[in-house]
1. For D168, D114, write out the residues from largest to smallest accessible area, computed with a 1.4 angstrom probe and no ligands counted.
2. Going by amide H atoms built from the backbone, whose H comes under 5 Å of the H on W268, apart from near neighbours?
3. Given a 1.4 Å probe and the protein chains all in place, what does the accessible area of T245 round to, in Å² to the nearest 10?
4. Over the heavy atoms of H136, what accessible area does a 1.4 Å probe trace out, to the nearest 10 Å²?
5. Calculate the spin-label point distance for T147 paired with R86, positioning each point 7 Å from the Cα along the beta-carbon direction, and give it in nanometres.
6. Note down the relative contact order for region 168-207 as a percent, whole number, built from C-alpha pairs under 8 angstrom at least six residues apart.
7. Mind grabbing the base-10 log of I(q)/I(0) for region 315-357 at q = 0.16, 0.19, 0.34 Å⁻¹? Debye formula, identical points on the C-alpha positions, no solvent, two decimal places.
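The values are calculated or read from the model by the stated rules, or taken from the named source; none is laboratory data. The structure presented is a predicted model; accordingly, all values stated were derived computationally and were not measured. Here Cβ is always computed from backbone atoms with ideal geometry, including for glycine, and neighbour counts include all displayed protein chains. These accessible areas exclude ligands, DNA and RNA; they are computed on the full protein's heavy atoms, side chains included. Shrake-Rupley method; radii C 1.70, N 1.55, O 1.52, S 1.80 Å.
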Amino acid sequence: MTTIVSSPSCPDEVINGTDRAPLADAENETETVVSISDAEVAVIQNGIREAAAGEAVNLGESSLYYDALTMSPLNPFSAAAVARFRSYKPPAFPLWDRLPVRKRAAVLILLYADRRGDLRVVITMRAASLRSFSGHAAFPGGKADSTEETVYQIARREAWEEIGLPMDDRKLPKPFRIEHLCSLPPSLARTHLVVQPCVAFLHADESSSRSAAPVVVEDVMIPKLDAREVAAVFSAPFYNFLKATDLPPAPGETLPAGHWYDGDWLTWKNFPWRVHNFYVPVNNQTVSKPRRSSTQGNLAEKLEEEEERDGRFKVWGMTARVLVDAARIAYAEEPEMEHNDDFGDENIIMEAFREGNLTDPSPERKENGDASKM
């Protein structure tokens with residue numbers, strides 16, 4: 001390929017490694033024909049795009065899953081993790097079809113690539129008004145509405161209700177699209193709900209993301225947070241859930257005071273169960289919260305005070321256990337901290353089934369009601 005380069009105003013520039021001698025005077029300035037390969041043109045174009053994108057984003061803030069300008073294509077390490085999810089097949093779980101609807105639940109593990117191509121995961125903080133696990137970190141998710149709903153349909157419906165992620169992919173704003181990667185082995189919530197995690201990847205197609213206007217959370221991707229169910233939405237570095245300490249901060253970012261991890265063992269239905277406690281830094285990211293006028297205004301203010309004081313949100317319990325298992329599968333690595341060797345809680349679920357905890361409750365228990373969410 002031959003490209004015409006007109007350069008009358010750059011007498012001392014170096015082109016293709018050859019010095020050009022200064023011109024004697026303006027009358028001798030001529031148009032120079034320089035041969036540039038397609039590869040060199042691509043490098044130049046990418047440099048221009050990267051420079052333009054760098055002016056449009058704050059490099060000191062973590063990427064936002066609803067803003068395509070803060071995302072980049074997957075790097076090779078992350079692409080391999082996504083590929084492992086695509087090929088992963090969980091063990092058969094025939095008990096699912098025998099469970100009553102009210103004992104079935106699903107959560108959405110929504111991943112996206114940050115500006116370095118690393119994977120981040122979307123996490124919510126449950127509202128104070130919920131009767132189960134209020135104020136705890138969780139994935140978007142909840143209980144099944146019918147036996148006809150697939151696990152992925154449950155997870156997507158709940159993500160729509162809680163954080164406004166459209167159920168219909170055609171309603172996602174450009175340049176976004178969602179790819180369902182796989183399901184993971186089931187876990188058991190303390191409320192005796194059998195929870196099936198679904199892993200999905202949020203693509204931001206590069207061809208249109210660089211030229212499109214930023215997608216604003218309040219207007220498009222998340223029309224509004226359901227204040228009855230969600231007090232905040234934040235994200236965490238996915239790979240860090242295999243580590244006992246914080247990963248090094250990205251350029252322009254800092255780590256808040258405090259540690260990343262601690263944990264302990266407990267016994268649940270005669271099985272050892274590792275309790276993981278992660279303290280996710282949120283000082284470098286925008287934490288989405290309900291509007292001040294909502295019923296969750298007080299909790300949102302409390303979270304803001306905690307964020308300003310500590311700069312970390314705690315992720316623990318079933319959510320933390322699922323994150324560790326998911327990261328083990330994605331990165332084909334074992335975590336640095338102590339952990340359960342198996343994936344999910346199938347043994348504990350079967351014990352709960354034998355105890356009668358996964359059947360429809362008696363009329364007396366039905367009158368007392370149950371949490372509509374996990």
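1. Working: D168 45, D114 5 Å².
I get D168, D114, largest accessible area first.
2. When sequence neighbours closer than 5 places are left aside, the close amide H contacts are W273.
3. Counting only protein heavy atoms, T245 exposes about 90 Å² to solvent.
4. Ignoring ligands and nucleic acids, H136 comes out at about 60 Å².
5. So the label points at R86 and T147 sit 3.6 nm apart.
6. On the way: 54 pairs, mean separation 18.2, N = 40.
Reported relative contact order: 46 percent.
7. -0.49, -0.64, -1.20
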